[in-house]
């Protein structure tokens, strides 16, 4: 099977479609703005879930499932004086599920200490750089870090890590020099080992019970896409130099990363594969010896994240709010773009309150994607708008499925990594000899070009007899990823970032 290039009119069609897979792809897009209610609650707003097989921090002999979950989209690195903190009245959760049903098997909950303190010095405006001493922060929680948030992690209700400190934000070269290049003041990233990871990030990696590793703190937003250009009715900057829509395998890089220069907050775990359940499931692109969409068997787990708030919050005029009642889920995320692009407005908030075992209620949005019909109306194309069982197989139930019988997958910066997954020859072989993508839909890695893969799906499925490779002209993240837990890049410094470059640049 060879990929084809549609005429410009038809190729523009596919660019509006932020949905499924590629020619021989592997990943998904992000979810920074998926529903009306969660848009009003940024500290609880999930942006990305990454789940992939790797090796344990400082122990390459142990295979682990890495799960990284990010919240608080579009965090400005220079947003002092408080900077971003995890909500102290939220329950941040990672669910390990049956990949076929979506039912939770294990649950890891992160709860964070008060956003208001304690602080070492309440008589200053500075949270960082002045506590009982003034100067640069060299160690998490030292005398110059006035405020230090901590967190507790439970597995199925049992505490496995307690009062773990959160690294400080990257205030800048004068306050948090360990993050930054002394000559440029910009964040240094791209560590290839624990020994080369910056000291503040490394200090935040802690052991928990059961061989689990945990981490939580500020990171660079690892999602990259010209989302602003796409949603501005295909701004010309996502076209290639010939005036045609950028080919996913040959972009000239003239798009603008709408997430450039932004940070976010991330909580993460490494779970030994030996302690995970081994569940059988069927998945698309799971047996690449078969014709696309290559439905095949696999063994592993599902993953999704959720954030919950207390049922009742009582605000008071003379003291801090009080909270009571059970936890109520306000957001969830697994395969990004399902709620954001496919689920209709009337059901977006309902989706965020639901759980994967009940996702059959949302299956119609995968099987009958409205976006395909809108594209056909505008551009005169004939993308199938009904019977999209290829999309249902990815989204329902909405959990990221990871085959846990494979070796560790390749990461950005390592030989053999491709942002297109198996479309770029980046594959892994499971314990039964089936060849799978190194990236989505076999998990999701940092660096997977989720938008280019997604842009190709609706134009190519459900049969994939002709595969149309489409991209958004953004070929890489603006920050290097680390090759070691917690993998996402060093957060940008508040003093050295321009979020979006003008077109003239």
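The values are calculated or read from the model by the stated rules, or taken from the named source; none is laboratory data. The shown structure was predicted, so the numbers you read here are calculated from the model rather than taken from an experiment. Cβ: placed from backbone, ideal geometry, glycine included. Neighbour counts: every protein chain shown.
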(message) Among the numbered criteria (1) over 25 Å from the mean Cα position of the chain (by Cα); (2) surrounded by 21 or more Cβ atoms within 10 Å (Cβ to Cβ), which one does residue 132 miss?
(response) (2)
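I'm trying to understand the selection: among the residues of the range 130-152, which are assigned to a loop (DSSP other than H, G, I, E, B) and either without any contact (Cβ under 8 Å) to a residue 12 or more places away in the chain or out of contact with any strand residue (DSSP E or B) (no Cβ under 7 Å at 6 or more places or on another chain) (or both)?
Taking the range 130-152 and keeping what is assigned to a loop (DSSP other than H, G, I, E, B), we get 131-133, 135-144, 146, 148-149.
If the condition is that a residue be assigned to a loop (DSSP other than H, G, I, E, B) and either without any contact (Cβ under 8 Å) to a residue 12 or more places away in the chain or out of contact with any strand residue (DSSP E or B) (no Cβ under 7 Å at 6 or more places or on another chain) (or both), then 132, 133, 135, 136, 138, 139, 142, 143 are the ones that fit.
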(request) All but one of (1) in contact with a helix residue (DSSP H, G or I) (Cβ under 6 Å, 6 or more places away or on another chain); (2) closer than 24 Å to residue 69 by Cβ; (3) surrounded by 21 or more Cβ atoms within 10 Å (Cβ to Cβ) hold for residue 329, so report the exception by its number. (result) (3)
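Do we find a residue being at pLDDT below 95 and under 21 Å from the mean Cα position of the chain (by Cα) anywhere in the range 206-223?
As a first pass, look at the range 206-223 and keep what is at pLDDT below 95: 223.
Narrowing further to those that are under 21 Å from the mean Cα position of the chain (by Cα): 223.
Within the range 206-223, one or more residues are at pLDDT below 95 and under 21 Å from the mean Cα position of the chain (by Cα).
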(request) Tally the residues that are buried (at least 16 other Cβ atoms within 10 Å of the Cβ) and part of a strand (DSSP E or B), restricting the search to the range 153-183. (result) 8
(message) Restricting to the range 58-92, count the residues that are closer than 20 Å to residue 205 by Cβ, in contact with a strand residue (DSSP E or B) (Cβ under 7 Å, 6 or more places away or on another chain) and either modelled with pLDDT under 95 or outside any loop (DSSP other than H, G, I, E, B) (or both).
(response) 11
(message) Residues to consider are 94, 137, 82, 125; find the one that is under 29 Å from residue 259 (Cβ atoms), out of contact with any helix residue (DSSP H, G or I) (no Cβ under 7 Å at 6 or more places or on another chain) and surrounded by fewer than 19 Cβ atoms within 10 Å (Cβ to Cβ).
(response) 82
(request) Return the residue satisfying two criteria in turn: it lies in the range 282-315 and is in a loop (DSSP other than H, G, I, E, B) and in contact with a strand residue (DSSP E or B) (Cβ under 7 Å, 6 or more places away or on another chain), and of such residues it is surrounded by the most Cβ atoms within 10 Å (Cβ to Cβ). (result) 285
